[in-house]
Amino acid sequence: MTPLHLSRPPILVGDTDQDRLAAMTAGAAGEALLTELARAEVVPEARLPADVVRMGSWVRYSTKSGGVREVTLVWPEEADIGRGRISVLTPIGTGLLGLRAGQSIAWLTRDGRQDVLRVEEVRAPGG
């Protein structure tokens with residue numbers, strides 16, 4: 001769908017996360033992640049601004065459909081939706097990766113609907 005491609009803001013990914021994320025891109029779940037990594041600007045971890053969503057970030061986002069959620073972006077083995085810990089391999093997790101507070105992105109929900117999310121606030125890991 002063209003709107004999804006038009007709604008892809010620039011993203012930043014730290015070099016340390018990029019290495020591990022790239023290793024996870026095999027298979028269907030990793031295909032979307034591979035697409036995002038290919039368009040990401042990779043920067044040294046120490047230069048990644050605090051308001052960029054990275055692994056371990058706490059994120060508050062709103063959706064066009066009216067929802068507001070608070071989640072932490074985690075590696076697949078740490079995911080626990082009941083505790084708000086979402087895997088980077090989920091559609092929403094992949095969509096959040098590399099965004100900054102104030103940016104929006106179109107994404108496909110698990111049931112195939114298109115939605116738009118806006119990152120409202122980001123806290124760096126440990127912040």
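The values are calculated or read from the model by the stated rules, or taken from the named source; none is laboratory data. Computed from a predicted structure; not experimentally measured. FYI the Cβ positions are ideal-geometry reconstructions off the backbone, even for glycines, and counts take in every protein chain you see.
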Problem - Lone qualifier among 69, 54 - being within 12 Å of residue 99 (Cβ to Cβ), surrounded by 12 or more Cβ atoms within 10 Å (Cβ to Cβ) and within 15 Å of the chain's Cα centre (by Cα) - result: 54
Problem - Answer residue from the range 103-127, given it is at pLDDT below 95 and touching an Asp or Glu at 6+ places or on another chain (Cβ under 9 Å) and is farthest from residue 63 (Cα to Cα) among those - result: 124
Exercise for the section: State whether one or more residues within the range 92-110 are over 19 Å from residue 8 (Cα atoms) and of a type outside the set (Lys, Arg). Expected result: no
Practice task
Could you check the range 1-66 for strands (runs of 3 or more DSSP E) lying wholly inside it with 2 or more residues that are modelled with pLDDT of 90 or more, within 25 Å of residue 113 (Cβ to Cβ) and not aromatic (Phe, Trp, Tyr)?
Solution key: 58-63
Fill in the blank from the handout: Going through the range 10-30 in order, the residues found to be surrounded by 13 or more Cβ atoms within 10 Å (Cβ to Cβ), charged (D, E, K, R) and under 13 Å from residue 88 (Cβ atoms) are 17
Exercise for the section: Examine the range 86-98 for a residue that is at pLDDT 90 or above, more than 20 Å from residue 34 (Cα to Cα) and not small (Gly, Ala, Ser), and state whether such a residue exists. Expected result: no
Exercise for the section: Select the strands (runs of 3 or more DSSP E) contained entirely in the range 76-127, then report the ones holding at least 3 residues which are touching a residue at least 40 places away in the same chain (Cβ under 8 Å) and either buried (at least 16 other Cβ atoms within 10 Å of the Cβ) or acidic (Asp, Glu) (or both). Expected result: 104-108, 114-123
